[in-house]
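Asker: If you scroll down you'll find the structure; I have some questions about it.
What follows draws every value from the coordinates through simple rules; no lab data is involved. Because the structure is a prediction, the values reported are computed rather than measured. Please note: Cβ atoms are built from the backbone with ideal geometry, for glycine as well, and neighbour counts cover all protein chains shown.
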């Protein structure tokens, strides 16, 4: 998915991959229907796709930041987040903002530990 601003979706910094905030949008650029739960699942799926392109996976994620348009959605986001990450529990921060790009309900960024392979 192309970024919605002047940034790079995923950057390697040594043994870390930093994934810019991902929204609950499909590759066609549309938000998934159904509200914050499905948007959370799609945002995590978008993180996973960016990591996969760099040879990593959600299991490599060590830290996420979850931005919410509405803090009252915290419980719903938690359910969808657990559904997307399974038993893996990276460190996490979550907070509400005054608004998110394009009217998104949730945005998720991630740091993954993915050591470079020796040749």
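Asker: Give me 32, 106, 61 ranked fewest to most by other Cβ atoms within 10 Å of their Cβ, as a rough exposure proxy. All intermediate terms of the calculation are to be shown ahead of the outcome.
Answerer: Details: 32 17, 106 30, 61 26.
Going from least to most buried by this count: 32, 61, 106.
Asker: Kindly give Rg over Rh for the stretch 53-119, based on alpha-carbon atoms, with the Kirkwood expression for the hydrodynamic radius.
Answerer: My calculation puts Rg/Rh at 1.05.
Asker: Just need the relative contact order of the chain here, percent rounded to a whole number, with Cα pairs under 8 Å and 6+ apart.
Answerer: 36 percent
Asker: Going by alpha carbons, how many degrees (0 to 90, nearest 10) lie between the helix axis of 74-85 and the longest principal axis of the chain?
Answerer: So the inclination is approximately 30 degrees.
Asker: Report, for the chain, the % of DSSP beta bridges that are antiparallel, rounded to 5.
Answerer: DSSP beta bridges in the chain are roughly 75 percent antiparallel.
Asker: In what order do 63, 52 fall by count of nearby beta-carbon atoms within 10 Å, going from fewest to most?
Answerer: Neighbour counts put them in this order, fewest first: 52, 63.
Asker: Quick check: the angle from helix 36-53's long axis to the longest principal axis of the chain, C-alpha only, nearest 10 degrees?
Answerer: The angle comes out near 10 degrees.
Asker: Which of (1) 19; (2) 50; (3) 14 is the computed percent of Cα pairs over 26 Å apart for the structure on display?
Answerer: (3)
Asker: Return a whole-number percent for the relative contact order of the stretch 41-97, with Cα pairs under 8 Å and 6 or more residues apart as the contact set.
Answerer: 48 percent
Asker: Based on DSSP, what percent of beta bridges with both residues in the stretch 52-119 are antiparallel, to the nearest 5?
Answerer: 55 percent
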